[in-house]
1. Whole-Hz Karplus ³J(HN,Hα) for the range 437-451, in order, using 6.51 cos²θ - 1.76 cosθ + 1.60 and θ = phi - 60°, x for Gly and Pro?
2. Roughly what % antiparallel, to the nearest 5, for the DSSP beta bridges in the range 380-535?
3. Just to make sure I understand: if all protein chains stay in place, what is the order of ARG316, ARG18, ARG194, ARG470 by accessible area at 1.4 Å, largest first?
4. Under the rule of -39500 (n - 2.57) per DSSP H run of 4 or more residues, summed and divided by the residues of the chain, what mean residue ellipticity at 222 nm is obtained, to the nearest 500 deg cm²/dmol?
5. At 1.4 Å probe size, with the rest of the protein present, what percent of the exposed accessible area of the chain is carbon and sulfur atoms?
6. I need the Kirkwood Rh of the range 121-165: take the reciprocal of the average 1/r across all distinct C-alpha pairs and report it in angstrom.
7. Taking the Cα atoms only, what angle lies between the long axis of helix 522-531 and the longest principal axis of the chain, rounded to 10 degrees?
8. As an exercise, identify the trypsin sites (Lys or Arg not before Pro) in the range 522-553 lying in DSSP coil whose Cβ has no more than 12 other Cβ atoms within 10 Å.
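The values are calculated or read from the model by the stated rules, or taken from the named source; none is laboratory data. Keep in mind that this is a model prediction, so the values were computed, not measured. Positions of Cβ are generated from backbone atoms using ideal geometry, with glycine treated the same way; all protein chains shown enter the neighbour counts. Side chains included, ligands, DNA and RNA excluded: accessible areas come from the protein's heavy atoms. Shrake-Rupley method; radii C 1.70, N 1.55, O 1.52, S 1.80 Å.
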Amino acid sequence: MPGNRGNGRLRSAEWFERRDLDGFLHRSWLKSTGVTDEAFRGRPVIGICNSWSELVNCNVHLRGLAESVKRGVFQAGGFPVEFPVLSLGESLMKPTTMLYRNLMAMDVEESIRSYPLDGVVLLTGCDKTNPASIMGAASADIPSIVVTGGPMLNGHWRGVEIGSCSDCWHYHEELRAGRISEADWVEIENSMSRSNGHCMTMGTASTMASMVESLGVSLPGNAAIPAVDAQRYRLAQLSGRRIVEMVREDLVLSRILTRKAFENAIKANAAIGGSTNSVVHLLAIAGRIGVELELEDWDKLGSQLPCLLDLQPSGRFLMEDFYYAGGLPAVLREISSVLNKDALTVNGKTMGENIANAPCWNRAVIKEFADPFKANAGIAILRGNLAPDGAVIKPSAATPKLLKHRGKAVVFETIEEFKAKIDDPNLDIDENSIMVLKGCGPKGYPGMAEVGNMALPPKILKKGITDMVRISDARMSGTAYGTVVLHVAPEAAAGGPLALVRTGDVIELDVPARKLHLDVSDEELAKRRAAWVAPEPPKRGYYKLYVEHVQQADKGADLDFLVGGSGTTVTRDSH
Ligand code: FES
């Protein structure tokens with residue numbers, strides 16, 4: 001039987017088919033769990049890499065999903081073993097899950113490499129659990145298939161459908177503007193999150209589930225199936241069956257995660273109105289698997305493509321509606337003329353074969369390519385003396401008239417300073433100002449927090465104005481919206497020009513020209529640079545490791561020593 005080592009032998013045989021003392025130890029101790037030789041010897045051993053955690057509400061149902069995967073693995077003649085990894089929950093984890101994405105990726109990679117696994121099913125859900133799992137599996141380059149936990153059911157409040165978390169931002173502004181009461185706010189809190197699953201707007205979790213499917217590393221249709229729908233459990237079972245075949249076919253991740261697959265994902269991201277967070281995650285995954293991908297690829301491949309999906313935060317509907325309308329295969333079929341249809345996917349078929357007959361059941365949700373929801377909707381990459389290594393903006397979530405704007409900077413050195421000042425009626429700011437936030441990039445926060453979509457000052461909200469230009473080295477939640485320039489690189493804490501901006505400086509944003517310019521002379525900037533003092537680095541622990549090694553946003557914010565992979569060569573014995 002061929003295995004994933006490409007030599008007709010399973011990798012797990014290095015543990016279980018030996019006649020020496022170590023072979024005895026491996027088999028005997030495994031049998032202490034109540035399994036017989038027939039259960040695991042000569043069978044592909046399939047790891048179910050589970051990011052289940054009660055601290056991560058979006059992933060809390062993944063133990064149940066793992067049971068469905070196991071059923072499929074058994075049906076196909078494999079031996080499933082479920083194991084836990086560090087899990088990352090957006091809503092509870094501080095300072096930001098992004099700080100720990102690379103740590104989780106290390107956990108996944110080393111768990112795969114150090115144990116007798118022939119293939120893995122990655123169970124993911126909340127925003128960072130998805131890229132972290134794929135990054136780890138990519139560095140091991142083992143047959144892998146992703147099953148995401150699926151989105152929550154749509155939220156409902158007083159007859160209106162509400163989405164997490166686009167409506168969190170919206171109603172929080174309504175509360176601050178005095179248009180809803182504290183009692184309304186509590187009602188919304190109780191009405192939004194109705195079931196297991198991840199956020200059900202096109203936030204980062206839904207985006208990354210869609211990226212996984214368009215990369216070809218999940219079965220077709222995976223992205224949009226609601227978490228509580230029986231179809232998700234059937235798909236998990238089918239994924240369990242399929243991973244056993246993938247081991248037999250030696251279908252490792254590097255055969256699927258090719259440059260063509262990443263190009264498909266970038267194009268799909270435009271068509272779904274996906275999160276800007278996909279930029280850092282896809283760059284990091286590409287770095288792990290040795291695919292050349294750069295920031296400009298988003299602009300070249302995606303920025304001219306239309307958004308077809310009328311989904312929050314760019315539009316009206318939610319993920320449950322997306323599923324009923326046909327899900328991602330229907331979108332991919334619409335944009336099939338621009339996709340690499342020959343890209344291989346985990347089911348052994350090409351992307352083109354998978355989407356050839358994908359139906360669309362609701363044109364209100366999924367528009368046609370020729371009659372899109374929004375034109376030119378992909379992510380745009382900006383450059384200029386304020387962002388020499390690039391910055392990103394999602395024009396489809398911005399106010400069109402602000403895409404070309406000159407204004408005076410109102411600078412906040414930290415997010416704490418922003419929070420302390422923003423509600424002050426005496427803050428010198430108007431709707432033409434540009435809010436600038438520093439210290440929120442990979443090194444600065446540390447971890448690159450989702451705070452770039454700074455809330456507007458109440459005195460401006462009360463005028464009925466809902467958007468202003470905002471610039472930072474932070475990320476923003478995929479559920480957020482507005483004219484928000486993000487991921488400015490180099491970040492302020494690394495001494496980027498953003499560190500030198502002062503309140504009152506004029507900034508020019510010109511998205512059509514892809515320009516972000518600080519209107520201050522080079523001489524003055526040199527003076528400011530000479531006076532700039534770098535922030536104190538962390539003294540110990542993971543923070544220290546992270547800040548010393550994290551790359552900038554334009555490289556995917558991976559740790560420099562984790563770029564690339566080490567494969568699954570079996571290492572030295574433990575006894
Ligand atoms: Fe997990 Fe939104 S909190 S996806």
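1. In residue order, the calculated couplings are 10, 10, x, 10, x, x, 7, x, 6, x, x, 6, 6, 8, 10 Hz.
2. Working: 14 of 26 bridges.
The answer is about 55 percent antiparallel.
3. Numbers: ARG316 150, ARG18 45, ARG194 120, ARG470 5 Å².
Descending accessible area places them as ARG316, ARG194, ARG18, ARG470.
4. Details: 21 runs with 205 residues, N = 575.
Mean residue ellipticity, 222 nm, calculated: -10500 deg cm²/dmol.
5. On the way: 11190 of 21470 Å².
Exposed carbon and sulfur together represent 52 percent of the surface.
6. Working: mean 1/r = 0.0802 Å⁻¹.
After inverting the pairwise mean of 1/r, the radius is 12.5 Å.
7. 70 degrees
8. Working: sites: LYS527, ARG528, ARG529, LYS539, ARG540, LYS544; in loops: LYS539, ARG540.
Counting only loop positions with at most 12 other Cβ atoms within 10 Å, the trypsin sites (Lys or Arg not before Pro) in the range 522-553 are LYS539, ARG540.
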